[in-house]
Amino acid sequence: MAALNIAFEAPENNVGRCPSQARPIDLVHLATKTKGDKAVELEILQIFARQARNCLQALASENDSAARIVIAGRLKNAADAVGAHTVQAAAEAVEREGPDAGRIAMVAARVIEVENFILKLCR
């Protein structure tokens, strides 16, 4: 009877992040989108890496704040589609709070982290 009480008294631990969400790319999220097709996943990740790099270059070269916010929104949406949650959060911060140097640097750091992860997956 004691074991039964322990099972029902055990605290719920639903607040932690799923291991796949702790990675630069949430592979479970991506697999859901691609129905588990690994070749499609790699192709989508490579396309995302190019698009993210292009957005970074545009953020660095653009002087207009409104244009930078649009670029950050584009990057946020692309990151959401592939499960790059850290990139999505950093781009959303730029979109929501404005494109200051610190937030742009955070986006760059997150994009580089994701690019490195994608390169390792492609080996």
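Where a number appears in this text, it was derived from the coordinates with a stated rule and is not lab data. Here the structure is a predicted model, which is why all the values come from computation and not from measurement. Cβ sites come from the backbone with ideal geometry, for glycine too, and all protein chains shown count toward neighbours.
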Q.
Cβ neighbours within 10 Å, averaged per peptide: list 98-111, 50-63, 30-43, 76-89 in order, most packed at the top.
A. 76-89, 98-111, 50-63, 30-43
Q) Given labels modelled 7 Å from the Cα in the Cβ direction, how far is it in nm from ASP80 to VAL28? A) 2.0 nm
Q. Pulled fully out, how much extra length does the chain show between ALA105 and VAL40, if you take 0.36 nm times their separation in residues and subtract their Cα-Cα distance?
A. 20.4 nm
Q) Label points 7 Å out from Cα along the Cβ direction at ALA67 and ARG96: separation in nm? A) 2.6 nm
